[in-house]
1. Taking a ≥ b ≥ c as the square roots of the eigenvalues of the Cα gyration tensor of segment A:33-129, is the shape rounded (a/c under 1.5), prolate (a/b larger than b/c) or oblate?
2. Every other copy gets compared here: list the nm distances from the residue B:33 label point (7 Å along Cα to Cβ) to its counterparts, shortest first, one decimal.
3. Work out the FRET efficiency for residue B:85 and residue A:60 from their Cβ-Cβ distance, taking R0 = 35 Å, and round it to the nearest 0.05.
4. Which one of A:104, A:11, A:31 has the biggest mean-square fluctuation once chain A is modelled by GNM with Cα springs under 10 Å?
5. Rg/Rh for segment B:1-83 to two decimals, with Rh computed the Kirkwood way over all alpha-carbon pairs.
6. Determine the shape class of segment B:78-128: with a ≥ b ≥ c the square roots of the Cα gyration tensor eigenvalues, call it rounded for a/c under 1.5, and otherwise prolate if a/b is greater than b/c, oblate otherwise.
7. How well do other chains shield peptide B:54-61, expressed as the mean number of their Cβ atoms within 10 Å of each residue Cβ?
8. Would you mind getting me the FRET efficiency between residue B:6 and residue B:42? Use the beta-carbon distance for r and R0 = 22 Å, nearest 0.05.
DNA sequence: CTGCTATTGATAATCATTCTCAGCACTTTC
DNA sequence: GAAAGTGCTGAGAATGATTATCAATAGCAG
């Protein structure tokens, strides 16, 4: 059960972190393929869910597919995402954390977790339109 | 292009509003079928996306499927959802609205929208475990 | 180097969702 | 009330993303 280091996993990690925003597993696979890597689709999916499980990547669902992005490990944060180009900014939201916890408690809910993401058009995409 | 009133659409609307929490299209279809309705799967999907488009239902994505729920039309709100039984409480979040807007503006983003949902275990599900 | 076993990858299988299209059912018109 | 027009329905096919299968491969310890 020892975890092994393979070039495939590193390739996925690298491709993820060189991306500005959220990317789908499919497009990450295509990108790796086009850059000459003979990596397999199943492996990309496995690597991505591993990274997400270890806290090295964030994921969110959009339009029926999962998008992934490298994130700063160990920190809890949310995202501000351009809905046109996918550019993503990590944002702190202590106020929202506290709000979520208190709302949950008010209604008798325990073990609160939350999904908070903000979408918009980034400055660059605005100027293009 | 006039919209017609059919018993199928009403059946979906009824099944949605008699549910306590978010339901998937598939399970709504199964439930309707089991209660004797000969409705078709495609029709359930169509009715749900119509309702969502008209603002009579909210939707969210979870684990690769879309979940729907009847909501109070015309009002913007968020949800507190039991991750065990699906029980859902509509919550107001003016503070969060303002926060989202200002965060977007701070980073040069326009046309902000946001996804804010809080998950937890409801009081009832806690006592069961 | 050798053996053990986690990992890979081509492909099949799954699953939710959407599309297709012929038949059906409201509505309006005569 | 019958015929025509057209939106709606539903069974099944098509799609697209994700996961499972499983034999072959390749890290890693000794």
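Quick note: the coordinates plus some simple rules give every number you see, no bench work behind them. Remember, predicted model here, so these are calculated numbers, not experimental data. When we count neighbours, we look across all protein chains shown, and the Cβ atoms used for this are built from the backbone with ideal geometry, even at glycine.
1. It is oblate, given that a/c is not under 1.5 and a/b is not larger than b/c.
2. 3.4
3. With a Förster radius of 35 Å, E is 0.90.
4. Judging by the Gaussian network model, the answer is A:104.
5. Numbers: Rg = 12.5 Å, Rh = 13.2 Å.
Answer for segment B:1-83: 0.95.
6. Here segment B:78-128 falls in the prolate category.
7. What the average comes to for B:54-61 is 1.
8. The pair residue B:6/residue B:42 has a calculated efficiency of 0.95.
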